[in-house]
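Below: the structure, in structure tokens.
Each reported figure results from applying straightforward, stated rules to the coordinates on display, with no laboratory input. Note that this is a predicted model, so its numbers are computed, not measured. Cβ: placed from backbone, ideal geometry, glycine included. Neighbour counts: every protein chain shown.
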Amino acid sequence: MNVVIETDRLLLRTFTEDDAPLLYELNLDPEVTRYTLDPMTDIDHARKVLVEVILPQYALYNHGRWAVHLKPGLEFIGWSGLKYIHERNETDLGYRLIKKFWGKGYATESAYSCVQYGFKKLNIRQIIGRALPGNVDSIRVLEKCGMRSVGEEYIDGLLHKTYQAINPAVHQ
Ligand SMILES: CC(C)(COP(=O)(O)OP(=O)(O)OC[C@H]1O[C@@H](n2cnc3c(N)ncnc32)[C@H](O)[C@@H]1OP(=O)(O)O)[C@@H](O)C(=O)NCCC(=O)NCCS
């Protein structure tokens, strides 16, 4: 297990291709993909997302979406992490947990640690977070991570609320 971040209750590690079943099961729950609108069709689909989207980010940018495990038993609870979006030249904060792990502060604990890692270890200048207006739990996570609202914008034809955190240690 290649652990990247450790918090009080969680470990964040890099995904591997072998995690396709975990990723598929996470996305099987329609409540989990209700606002992300990206259900997976089968394990091969999950493997394709890992190989083509998630894993390349680690090599290219030294960050990415990381698998989140609960200490001390190391149960997989979802993912959290940063993603560089080339078309917009920005680093995006994202998170997604299995439903039984919602409402325990794990999303915020993992997401906050990713923001701090991005700022302190990677010297990223600013991190963006986006959520559909109805995804109030996600918006709360962004706010609890210290991000501030910078307005609304259409992404892929859907209105999103956009949040931003600026690295206090990096001069703009
Ligand atoms: C978005 C998502 C990750 C939010 O998860 P969450 O569990 O609601 O978020 P948090 O980790 O902040 O936990 C929330 C609650 O846990 C509670 N909690 C319980 N124990 C806690 C503890 N020890 N520490 C902190 N909070 C705790 C808090 O009261 C908090 O609620 P509050 O903010 O109203 O006070 C989750 O709904 C999800 O996975 N959704 C599907 C995927 C998705 O939509 N992702 C975002 C796309 S933009």
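In table form, for the structure just shown:
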| item | result |
| --- | --- |
| Cα-Cα pairs of the chain separated by more than 27 Å (percent) | 20 |
| Straight-distance crosslink candidates among lysines, where the alpha carbon sits under 27 Å from residue 99 and sequence neighbours closer than 8 are dropped | 48, 71, 83, 144, 161 |
| Given charges at beta-carbon only (K, R positive; D, E negative), |dipole| of the range 3-166 in Debye | 640 |
| Charge dipole magnitude, Cβ of K and R +1, D and E -1 - the range 101-158, Cα centre, debye nearest 20 | 360 |
| Kyte-Doolittle mean at least -0.5, axial Cα span of 15 Å or more - DSSP H helices of the chain | 106-120 |
| Percent RCO, i.e. relative contact order, over the chain, from Cα pairs under 8 Å lying at least 6 residues apart | 17 |
